[in-house]
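To start, the structure itself, in C-alpha cells.
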Amino acid sequence: MTGVERPHSVLPGIGIGIAAVLLGLWLGAQRGDPALLAGLFDDPMDPRLRLLIAWRLPRVLAAWCVGACLGIAGVLFQGLFRNPLAEPFLLGGAPGAALGATIALLIPLPLPGPLAIPLLAFAGAWGATAGVVGLARLAGVRDAATLLLAGVAVSAVLAAVRSLLMLALTDESVSLQLVLSWTLGGIATPHWPGLGLLALLTALALMAGRHLAPGLDLLGLGDDVARNMGLPLERFQRVGILVAAAVTAVAVAAGGLVAFVGLVIPHMVRWRIGPLHRPLCVHAALAGGAATVVLDAFARSLMPPADIPLGLLTAMIGAPVFIVILIREQNR
Amino acid sequence: MMATPPAAGPSIPLEASALGFRRPGRADVLKDVSVTLHAGTVVALVGPNGSGKSTLMRLLAGGLLPDRGRILLRGRDAATMTPADRARQVAYLPQDFSSHWNLSVRELLSIGSRRGRPLSPGPAAALDDPMTRTVIERFRLEPILNRRLQSLSGGERARAACAAFLGRPAPVLLADEPTASLDIGHQLALMEWFREQNDRTACLLVLHDLNLAARFADRIVLLDRGRVAQEGTTAEIMDSPRLDILFGAPLTRVRQPWGTAVLPS
C-alpha cells in the first residue's frame, strides 16, 4: 500500500515528560515523599506540599522549557547549516551570553535585580549571533562554512572581553566564583510570572520552529533544488539563524550555558523519527525538555546540599553520548 | 511536436535570450545563449564535458542568476517573479542529486509535492493523492517507499529523485542527465515518460547518450564552450557533420525505424 504511514505519535514524548517532571519533583536536596505527591489532594495546606509547589515545581518546569528550547534551537541550527554537528551555541551565542551575564554581575545597572542577568544574557546571545550574521553579510559571505569561521572569530573576541572584565572588575564584593558558576549553567528557580513568560516564549519557539521546518527540509536537498522549489534561500537562512539565535537566547537567559543538549537531542530524535524537520522539532522539544528535567534533578540531588552546575553535568554525560553517536553514524 | 517559429508570449513555456554567465575572475561559462522551449516538445541539450550544459540548466532552473540576458516564463520575466511563482513554472532535477539528510523515499516524495509552497507543511508522510500514486506506480517505487536514500542503489535513488522533482505537472521540466545511473530498461521507461507529457509541458534534458536524444527528442541543442554551436530538429542535428567535430570522433550513422543512430567509427 502506498498510503498513510502513521505519523510518530507525540504521546510517548509527553508521557516521558510527565514522568520526568514527577521525578524532578521527587528528587532534590531533600527527597520528596512519594506519599506527599500521592496525597496531593488530601491536604492542600500541608506546608511541605506548598514548599514543593512554590519552589521545586517552578524550577522543574523551567528546566523543561530550557531543554525544549535547546532541542528546538539544535534542530534549527542543524537544519540551517545542513550539518549534524551544528549546535545552538555555534555562532557566538555562548560567549555572547556569558559576556552579557558577566556585565550584569559586575557592573551596576539600572535594571531590576532579578531581570538583569537573563536580559543581558539574552541580549548577549542574540546580539553576538546577529552580529556574526551581519558582519558576514557586510563582507559578502554567502556560504555557511565561512559564516562558521566568522562565528569562531567573534567568539574569541567576546571571550577575551569577558576575561578582561573579570580580571579588572572582580573584587571582594563580587567574586569570580559567582561569574564562573553562572557560566557553568544552572536553572534559577523562577517566580510564577517569570515562568509564565518562559513558557510563553517556549511555545512561540515551538511555533516558529514548526513554521520554518518545511524550508529546512528543502535546504537539505541542496541550494539549487531548494531555490527551484521556491525557497528564497538567502533570506530564509538569515531569518532562520536570527530565530534560532533568539530561541537559544531564551534558553540561556533562563538556564545559563547548558551544554550538549542542543547537539545530542536532535541526533537521537532523528534516529527514531527520521529527518523531516516538522516532527523533528516537536519531538526534540519534548525530548530536550524531559532530558533537562532529569539532569537538573540529578544536579540538585547528587551532592546535597550543593547544586552541581547543570552545564557541567550535561557536558559530562553529553560528551560521551555524543562520541557514541559519532561512532554509530560512522558505522551506518 | 515540430518547431514553430519563435513568438514571445504566454503560450511559450520558456524563452531564454542572450544568457551570459561567468564565475568571478574566470572566463565566461556561457556566452550569448538563447533557447526556446515550446509546449509539447522534448528538447535534448547535448555537448562535450565542460561545455556549460549544467550551468545553463541551473540558470534556467533559478539556481544561479545570469549575468546577462533574460528568461521569460510564459511571457513573464523570471527576474521579476517571486521564487514561489517561478517554482510553479519550472521543475528541475539536478545532476547527481543527493540529500544532506537520509530521507526515506516517502519523505522525499512528500517534500517534492510542496513545489511553489516552500513553507507549507504538506503531507508529513501520507501520500494518498491520485497524482502521487500514479508517480509511485510509474517510477516503480512501491517496493522501496520506506527505504532510506543511503540504502538505495544509484539507479533507485535517481528514480526516486525524478519522481519527487519531475513527477508533478509543470510547464517546464528540466533534467540534467536524468538517465545517467539508470539501466537501459529504466532509461527507456523514463524517456517514454518525458515523451508522454501533455501538450502544455516542455522538457529540456541534458543527455550524453546521443541515441536516446535521437530517438526521443524533437529538437537538439548542441552546446560547445559556452555557446550554442547548432540547434535544429533531431534529424538535422543527427546528420550534421558538426556532431563529429564537436565530440572529436568520427561517427557512423545507422538508420533506424525511429531515425538516425550513431556509433563511434
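FYI, it's all coordinate maths here, none of it is from the lab. If you're wondering where the values come from, they're calculated on a predicted model, not measured in any experiment. Positions of Cβ are generated from backbone atoms using ideal geometry, with glycine treated the same way; all protein chains shown enter the neighbour counts.
Taken over the Cα atoms of chain B, the convex hull encloses 138 Å³ per residue. Each label point was placed 7 Å from the Cα along the Cα-to-Cβ direction; for residue A:234 and residue B:188 their separation is 4.8 nm.
Each Cα pair under 8 Å and six or more residues apart adds its sequence gap; the mean of these over the residue count of segment B:109-213 is a relative contact order of 26 percent. Express in whole angstrom the spacing between the alpha-carbon centres of segment A:166-225 and segment B:193-251. One Cα centre to the other: 57 Å. Of the residues A:260, B:165, A:89, the one with the fewest other Cβ atoms within 10 Å heads the list, and the complete ranking is A:260, B:165, A:89.
Shown is the FRET efficiency for residue B:27 and residue B:137, computed with R0 = 60 Å from the Cβ-Cβ distance and rounded to the nearest 0.05: 0.80. Please report the antiparallel percentage of DSSP beta bridges with both residues in the protein assembly as shown, rounded to the nearest 5. Roughly 60 percent of the DSSP beta bridges within the protein assembly as shown come out antiparallel.
Working note: 222 nm ellipticity from helices only, DSSP H runs with n ≥ 4, each -39,500 (n - 2.57), summed and divided by the residues of chain A, gives -24500 deg cm²/dmol to the nearest 500.
Would you please state which residues of segment A:221-243 a label at residue B:65 would reach in this model, taking the label point 7 Å out along Cα→Cβ and a backbone N cut-off of under 18 Å? Residues passing the 18 Å test: A:223-239.
Other protein chain C-beta atoms within 10 Å of residue C-beta, averaged over B:113-120: 5. Annotation: peptides B:100-110, B:79-89, A:62-72, ranked by per-residue average of other Cβ atoms within 10 Å with the highest first, follow the order A:62-72, B:100-110, B:79-89. FRET efficiency for the pair residue B:18 and residue A:153, taken as 1/(1 + (r/R0)^6) with r the Cβ-Cβ distance and R0 = 51 Å, rounds to 0.75. Taking the average, over residues, of other Cβ atoms within 10 Å as the packing measure, peptides A:204-211, B:190-197 rank A:204-211, B:190-197 from highest down.
Here the contact order of chain A, divided by its residue count and restricted to Cα pairs under 8 Å and six or more residues apart, works out to 34 percent. Listed by number, the DSSP H helices of chain A that run 24 Å or longer by alpha-carbon position along their axis and have mean Kyte hydropathy of at least -0.5 are A:57-81, A:113-138, A:144-169, A:192-219, A:233-255, A:277-301, A:310-331. Counting Cβ atoms of other protein chains within 10 Å of each Cβ in A:226-239 and taking the mean gives 6. Net charge of the neighbourhood of residue B:259, taken over other residues with C-beta under 13 Å away and scored Lys/Arg +1, Asp/Glu -1, is +1.
Of B:226, B:20, B:63, the residue with the greatest mean-square motion in the GNM of chain B, using alpha carbon springs below 10 Å, is B:63.
The mean number of Cβ atoms from other chains found within 10 Å of a Cβ in peptide A:73-85 is 1, as a whole number. Within segment A:132-284, the proportion of C-alpha pairs whose separation exceeds 28 Å stands at 35%.
The mean of 1/r over all distinct Cα pairs in the protein assembly as shown, once inverted, gives the Kirkwood hydrodynamic radius of 26.9 Å.
Calculated mean residue ellipticity at 222 nm for chain B: -8000 deg cm²/dmol, from DSSP H runs with n ≥ 4 weighted as -39500 (n - 2.57), summed, divided by the residue count and rounded to 500. The simple Förster model, with R0 at 56 Å and r as the Cβ-Cβ distance, assigns residue A:145 and residue A:176 a FRET efficiency of 0.95.
The separation of segment B:63-128 from segment B:138-161, counted between C-alpha centres, amounts to 20 Å. Charge tally around residue A:307: other residues with Cβ under 13 Å, Lys/Arg +1 each, Asp/Glu -1 each, net +2. Placing a label point 7 Å from the Cα of residue A:161 along the Cα-to-Cβ direction, the residues of segment A:96-115 whose backbone N falls under 13 Å of that point are A:96-104. Summarising the amide proton neighbourhood of residue B:224: residues at separation of 5 or more, or on other chains, whose placed amide H is nearer than 5 Å comprise B:229.
Annotation: for a label point projected 7 angstrom from Cα along Cα→Cβ of residue A:192, residues of segment A:45-70 with backbone N closer than 17 Å are A:45-62. In terms of packing, defined here as the mean over residues of other Cβ atoms within 10 angstrom, the peptides B:152-161, A:13-22 line up highest first as B:152-161, A:13-22. With bins 20 Å wide beginning at 0, the percent of Cα pairs of segment A:11-331 falling in each bin runs 32, 56, 11, 0.
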